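Beneath this line is the structure, given in structure tokens, with notes to follow.
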Amino acid sequence: MLSGLSKTRFEIVNKLSRSKKNITESDPDVDFTISLSDNIRLIDPGIEPICTTCKYMIDDILDIRKSKIISGEYSILMYSVCSIALKPFLLFKLTKHNDKCLLPTLTLDKTGEIPVVDDMIYQGMIPDENILVYEFNYTDSDVKKISSSDDDIIVSVDDIINQKHAFNYKIDEDVISLFLKYEQLIYLQDDMGELVETPMTAYRGEYYKMVGVLAGLGTPRSGPYSSLGPYFKFADHARALRFGVVSLNGKPQYVGDEKITREETPVFTKGGLVKYMLFLGNTKVLLNLSSDPDDDSSESIRLAESRLFIKDTMKLRDSAGKWASKYDSIMQPLITIYDSESKRDRQLDPQVVVKEFRQQHPIQYAYLDTSKVTLDKESGFYNIKESYLE
């Protein structure tokens, strides 16, 4: 159980209906569709669910004939459909080996028999690939802790296709190639035959004692003077790692009388990361083009008068949050700008902001060992990649 988790989290969880357990072979008459209506309305009575049932499109390509299973070596694709968030989404279980995420394998000695894999339900085989497909029950009543000692890791479609990593673990190229080859592995369909939005993976980094709040209750609203308005801000793994290792102001930090950074450095004594699934909806993307307008909010104009960095990034700001009148989210991708203050090019890590709290779904968290983080004297920055998952 997540240490430091507030009682509020437990009260919320107890009121929410979680995903149904997978049916077993002894329950053949159970309806295997995923009911979302009750779950979504419990989260927010004003929400009309996107669908009441959903279909994983992998069903269109699976061969369910036992006769096709012959002796030999197979890879195992394990998936689950999480249905407690704003919309249903797919998760996959991969095995960890040498800091990579792979499909697990098994060797069959007999022909025509379905191998038993833990408590999972066999769904069929991907023809010509020697891949057996199973559905597992993702019991998502709590946000899951990720540890370096884990044998397996749960990843999303976005982790595989776009991010190509989960936390600091790379997705194996063979896994990525498989999903690119068979788009049916990527999508869910609603009961109208429309594709369900695939959520984006994002992270938040913080001092480890704050992780319980972020994971248990979700990311809070940003302050009124935030660069993209008073909404819910997230980052990619690299940016979140920085905030999970080093204090925001780059100085030693205290909470009351307790010092939470190492010696006279801004490095936390222990850091943390929380991973979220974000439903972006209609998104605005900031590209910092010469034709893009500068932010005309009074706060940005005031700050630009005294801070060159703010002046350099006026096309990447919207402090008044005007974007929210037309869009559900706003995103700034990886961008390089010229920093007038330091007189050098500077890379800005991606960030994404969603308009409504319900667009986020915390799914995993991890603690960071920061004991080996050192200062790069040449750049003046701390080597945050020297931190590692506990």
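No lab work stands behind these numbers, since they all come straight from the coordinates. Keep in mind the model is a prediction, meaning the values are calculated, not measured. Cβ sites come from the backbone with ideal geometry, for glycine too, and all protein chains shown count toward neighbours.
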Contact list, first residue from the range 311-326 and in contact (Cβ under 8 Å) with a residue 60 or more places away in the chain, second anywhere and part of a helix (DSSP H, G or I) and surrounded by fewer than 18 Cβ atoms within 10 Å (Cβ to Cβ), beta-carbon distance below 7 Å, six or more apart or interchain, is 319/299
Output for Cβ contacts, cut-off 7 Å, separation at least six or different chains, first residue closer than 21 Å to residue 358 by Cβ in the range 230-248, second of a type in the set (Val, Ile, Thr), reads 231/353; 231/354; 232/219; 232/353; 232/354; 233/353; 234/219; 234/352
A careful count of residues in the range 245-276 that are part of a strand (DSSP E or B) and of a type outside the set (A, V, I, L, M) gives 9
Among residues of the range 131-174 being closer than 22 Å to residue 212 by Cβ and among the β-branched types (Val, Ile, Thr), the residue farthest from the chain's Cα centre (by Cα) is 139
Taking the range 54-87 and keeping residues outside any loop (DSSP other than H, G, I, E, B), closer than 15 Å to residue 186 by Cα and of a type in the set (Val, Ile, Thr) leaves 58, 81
Is there a residue in the range 319-327 that is in contact with a Gly (Cβ under 6 Å, 6 or more places away or on another chain) and on the phi > 0 side of the Ramachandran plot? yes
The condition from (1) over 15 Å from residue 273 (Cβ atoms); (2) touching a residue at least 12 places away in the same chain (Cβ under 8 Å); (3) among the hydrophobic types (A, V, I, L, M, F, W, C) that residue 368 misses is numbered (1)
